[in-house]
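A short worksheet on the structure shown next.
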Amino acid sequence: MNREATPNHVTEPDDSNSALPKSAPDRHKRRLILAMGTLIGGVAAAELLGNNGLAVASSYSPNIGQNVEPGKIFSVKLMADLKAICQLVIPRTETLGAGDVDVHGFIDNQLFHCYEKAQQMKVENVLTELNKQNEAGFVSLSTEQQMALLNRFDSQHKGIKNDLIDGFKLLKSLIVFGYYTSEEGASKELKYLAFPGPFKGSIPYESVGQGYGAFAYY
Amino acid sequence: MQEHTYVNETKEEFDVLIVGSGITGGWAAKEFCERGFSTLMIERGRVVKHREDYTGEGKPVWDKPLRSRVKLDDVNENYRIQKQCYAFNDATKQFFGNDKDLPYSTEKGTDFSWIRANQLGGKSLLWHRQSYRLSDFDFEANVKDGHGNDWPIRYDDLEKWYDHVETFAGISGSKENLPQLPDSVYQPPHELTKPEQDFKDVINTHFENIRPIIGRCAHLTKPTELQISLGRVKCMSRNECQKGCSLGAYFSTQSSTLPAAANTGNLQIAPNSVVDSLIYDERTNRVKGVRVIDNDTLAEREYFAKVVFMCASTLGSTQILLNSKSKKFPRGIANSSGVLGHYLMDHNYNASIGGTLPGYEDEFYIGRRPTGMYIPNFYYKPSLYKSNFVRGYAFATSAFREDWRQMANKQGIGVDFKKKLKHAGQWRIHMMAQGEMLPRYENQVSLHPDKKDKWGIPQLHMNVQWSDNEREMMQDAVEVGTSMLKKAGVEDIYGSANDTPPGLAIHEVGTARMGKDPKDSVLNGYNQTHDIPNLFVTDGASFCSTAVQNPSLTFMALTVRAVDYAAKEFKAGRL
């Protein structure tokens, strides 16, 4: 059997989400839609914001849809936060980010099916803690503020309770696991070899140029 | 395979019944069938068809909503023991037993993890495929240091049978001329990575007797015509073997022995047939057949034959023998010695050492090598023993580049973090000890006096513990392993030994041991019970010591040798 052809990845991602607002004001609008969406539903929020808002909202309604639906564990509000956190930890580059590929939905589902209540609570406590930093929730903070908050957790800032630090570690590990086992993460961001062919022990790193996305055990 | 290969009710008296279809049972079936014996292979579980029933194979991880994890409810309800096996996940769990249906008890203060694989092919679908010969240092260890009984065989007795099974199974490896680890008949070895090659050179230079080699494994790297004719092709380094391999690239009953046996037209298989006990004829002092409970319907039936081979796994065979009671054998059939169930052993994997290897940023590899490096036992004879314990251990080791699984915990979020995880990280090296466990009378499995399983068969009760010898050995492995890594320039070295209970090496052996003396052993040097001429046990139950090596290759060699002997005895009218 021949080795399966495995083209080099890092092609441009599918651009169906390209209407995601990129400029600062648009990002602000998006955040507003998200925040309001958690309260009154995505489409209603977009309508309230006028035609432009509606166009933007509709064009990425699948993601909005994921946001406005409550998770199996997390409220719609926390799901919106979680999506933002996913996208901040693993953002969109040449490939989609973790929030783009529904890692937030994966995390809610994974915690629900594969983790004890106590572990679910640990993550929920982190989300609640991040959410209460601002009256309108985590999603309404500026990107800089969001990053600063997450970095405080990530660097295990002394002022944060151990339990929340542990919860953040679990959350981050789930984001990483969810993203790099998604099709985008495993086969576009990384090199996915279903049939690598006979093992070669020494090749130049540059001939692959990226890490592998397929493993025997996850 | 033809459907008519499978039987349920039958009045036929077969030449041979083989209880079990794993590595040992598959080999027994192939060898008997090829010698023209009508053979019935009895399997307690369902049929697993090669390729067709490898339901977890070839699916990318993202197609699984839980990304290969198993639901917690499912684990808690059905797989509390099985989940401890490294290979247990959503793509392989169909090949593990359901703990709820397979209860056993443990003596207070002890624990034992019994990993089950009750389907056609048994653990041959799940094994780790490492394949090593035992040497005379192993066969002589018991008699030389006084632990356990003397093996009734030596390397000479097994050598040609090792050749035989290796040629057919396909073992990749390298010729090394090591006294403690005889060479096999090889297909080409897997390659080492550059850091592994350098590590090997450093160890060879600085450590007397410590000789790292590439792991020997039952994977095809250069298939023979016979292997190709059976539908087997070269290993593609997926290393997803426990999902089942449609390439037939690793040795399993399904890929190898079963098609060979079926090709003869002499094989029939009775699946879903849980053997309750053996049927004994006191008048002739022969086993006539087996009593079976249907796995699904719980209906009873019997199968008959002139010879019975027990290949149901160490503990499976032992349970059946213990449960086969008669006036002559009130403690279990072929147990006049009283040692049946005693001397249970496993390997001890409780020490691990590792660290990071600086440099080699330009080095990479392609593929998921289905084996690692192997460092054979360097305390292989009494003159090399350490002062605080006897026997020794091997190391399984490999060097690899970090990926997101190891880097997930590193600090960072955002674009830079994503960039870091996009690339292979630094090199790591990891070593795990594989220690020999001494044969000890106290380490025993017995039938529970009251508890039964759903087939009405008495449950096994385990009473097995590590001794200080195994614990001292693991401490030594941490120290020696650490000094090796230091010498090789490894940084951030970690190392520790824990006290995980026996079972998880899944190398249980020894509960119906061989021996020269019928008073302290169950089997003779041909795996034939001392008590009953037409009853053989050729799985791991027959071992007198664990040695350090992974045992499956020796199960194969013992089995084909026993078949050869039984076939000759049968034709001579002595069975």
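Summary table below
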| item | result |
| --- | --- |
| From the C-alpha gyration tensor of region B:177-259, square roots of 5λ in Å | 30, 15, 10 |
| Dimensions (Å) - chain B, Cα atoms, principal axes, largest first | 76, 55, 50 |
| B:Glu176-B:Lys11 pseudo-label distance in nm [points 7 Å out on the Cα-to-Cβ vector] | 5.7 |
| Highest to lowest packing among A:78-87, A:126-135, B:112-121, scored as the average C-beta count within 10 Å | A:78-87, B:112-121, A:126-135 |
| Spin-label model distance (nm) - A:Glu135 vs A:Asn162, 7 Å beyond Cα toward Cβ | 3.7 |
| Peptide A:181-193, shielding by other chains (average Cβ, 10 Å cutoff) | 4 |
| Calculated [θ] (222 nm, deg cm²/dmol) that DSSP helices of n ≥ 4 give over chain B, each run adding -39,500 (n - 2.57) | -6500 deg cm²/dmol |
| Exposure proxy order (Cβ contacts within 10 Å, fewest to most) of B:Trp161, B:Trp27, B:Trp127 | B:Trp161, B:Trp127, B:Trp27 |
| Sites B:Arg301 and B:Asp163 - FRET efficiency at Förster radius 35 Å, r taken between beta-carbons, to 0.05 | 0.35 |
| Chain B - charge dipole about Cα centre, Lys and Arg +1 at Cβ, Asp and Glu -1, debye rounded to 20 | 760 |
| Charge tally in the Cβ shell below 13 Å around B:Ser124, where Lys, Arg are +1 and Asp, Glu are -1, B:Ser124 excluded | +1 |
| Fewest-first ranking of B:Trp455, B:Trp151, B:Trp466, using other Cβ atoms within 10 Å as the exposure measure | B:Trp455, B:Trp466, B:Trp151 |
| Inter-label distance, nm, simple model (7 Å from Cα along the C-beta direction), A:Ala118/B:Glu77 | 2.3 |
| Extension gain, B:Asp499 back to B:Lys222 (0.36 nm per residue minus Cα-Cα distance, nm) | 95.7 nm |
| Computed lengthening from B:Val415 to B:Arg331, 0.36 nm per intervening residue step minus Cα-Cα distance | 23.4 nm |
| Charge context of B:Asn350, other residues only, Cβ under 10 angstrom, K/R +1, D/E -1 | -1 |
| Region A:88-99 - phi-based ³J(HN,Hα) in whole Hz, Karplus 6.51/-1.76/1.60, Gly and Pro as x | 6, 6, 10, x, 6, 10, 6, 10, 5, x, 5, x |
| Antiparallel DSSP beta bridges within the protein assembly as shown, as percent of all bridges there, nearest 5 | 70 |
| Burial ordering of B:Leu535, A:Leu170, fewest other beta-carbon atoms within 10 Å first | A:Leu170, B:Leu535 |
| Region B:7-93: Cα Rg divided by the 2.2 N^0.38 Å rule of thumb | 1.50 |
| Coil-residue trypsin sites (Lys or Arg not before Pro) of region B:294-348, DSSP, other Cβ within 10 Å capped at 11 | B:Lys327 |
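Read the figures in this text as sums done on the coordinates, not as results from a lab. The model shown is predicted, which means the values in this text are computed figures rather than measured ones. Cβ sites come from the backbone with ideal geometry, for glycine too, and all protein chains shown count toward neighbours.
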